[in-house]
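Presented below is the structure to which this report refers.
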Amino acid sequence: MSTHKIAPSILAADYANFATELKRVEETDAEYVHIDIMDGQFVPNISFGADVVASMRKHSKLVFDCHLMVVEPERYVDAFAQAGADIMTIHVEATKHIHGALQKIKAAGMKAGVVINPGTPVEALVPVLGLVDQVLIMTVNPGFGGQAFIPEMMAKVEAVTKMRQEAGYDFDIEVDGGIDNTTIKAAAQAGANVFVAGSYLFKASDLPAQVQTLRVALND
Ligand code: DX5
Ligand code: ZN
């Protein structure tokens, strides 16, 4: 649980070359690849859906960490399970039935993650903390890569870390948005152990070396 995991976000990659981009991620020692699904309703942007993830699966054995920014994500649980998603993380703000939706994800054989936007308090997570494998605290408003990390979110990471300890739960704590070799330290210090990074990693031509800069920062 406390081991650090790096999750390069494919949102920052070249969409016309997913197979090549996945190979690039595979050349690193990153534990996950983070896959952002956006529907143009929950967030203003549109990315891609389960069929694209199914095609990606044919080119990669990486752990697929799927972050759904879509309304009523429960509609897509079976599609993502069949596409080969390993972790399916859904927003509390996107469904009236977060508990049932997370149960559905688990029943489909995937790991279940729950995520909150910057404007949502951690209390919204309390009823489902006993169910989940991963809690994602957004450190930017979802929808786009390349935005600035919101430091105030670290209080939420600390609060969830404390809740986990007090209840004896066993889930990973992920952060997503504006993660680089500086902000990653604050996130780790607050208790996060899974770190999504998009633009910071993909802007580099040497992806493995860029991942290492995050590991170095974590070991500082
Ligand atoms: C934002 C996405 C992120 C995004 C992060 O809505 O959830 O996963 O790819 O991008 P960076 O690391 O550039 O902030
Ligand atoms: Zn994401």
Can you confirm whether the range 104-117 contains a residue that is more than 17 Å from the chain's Cα centre (by Cα), surrounded by 16 or more Cβ atoms within 10 Å (Cβ to Cβ) and under 23 Å from residue 143 (Cα atoms)?
-> no
Scan of the range 170-211 for residues that are of a type in the set (Asp, Glu) and closer than 20 Å to residue 145 by Cα, ordered by number = 174, 176, 180, 206
Which strands (runs of 3 or more DSSP E) does the range 134-220 wholly contain that include 3 or more residues that are within 16 Å of ligand 2 (Cβ to nearest atom), without any contact (Cβ under 8 Å) to a residue 40 or more places away in the chain and open to solvent by less than 40 Å² (accessible area, probe 1.4 Å)?
-> none
From 49, 100, residue being out of contact with any Phe, Trp or Tyr (no Cβ under 7 Å at 6 or more places or on another chain) and away from ligand 1 (no atom under 16 Å from the Cβ) = 100
Mind checking which pairs have a first residue in the range 32-57 that is closer than 17 Å to residue 140 by Cβ and among the polar types (S, T, N, Q) and a second that is assigned to a helix (DSSP H, G or I) and away from ligand 1 (no atom under 12 Å from the Cβ), Cβ under 9 Å, 6 or more apart or different chains?
-> 47/15
If we scan the range 113-128, do we find a residue that is away from ligand 1 (no atom under 16 Å from the Cβ), within 19 Å of residue 53 (Cα to Cα) and of a type in the set (D, E, K, R)?
-> no
Answer with yes or no whether residue 81 is of a type in the set (A, V, I, L, M, F, W, C), assigned to a helix (DSSP H, G or I) and closer than 23 Å to residue 132 by Cβ.
-> yes
Please indicate, with yes or no, whether at least one residue in the range 113-123 is assigned to a helix (DSSP H, G or I), of a type outside the set (S, T, N, Q) and under 17 Å from residue 135 (Cα atoms).
-> yes
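The values are calculated or read from the model by the stated rules, or taken from the named source; none is laboratory data. This structure is a prediction, so every number in the text was calculated from the model and none was measured. Glycine gets a Cβ as well: all are built from the backbone with ideal geometry, and neighbour counts include every protein chain shown. Ligands, DNA and RNA are excluded from the accessible area calculation, which covers all protein heavy atoms including side chains. Shrake-Rupley method; radii C 1.70, N 1.55, O 1.52, S 1.80 Å.
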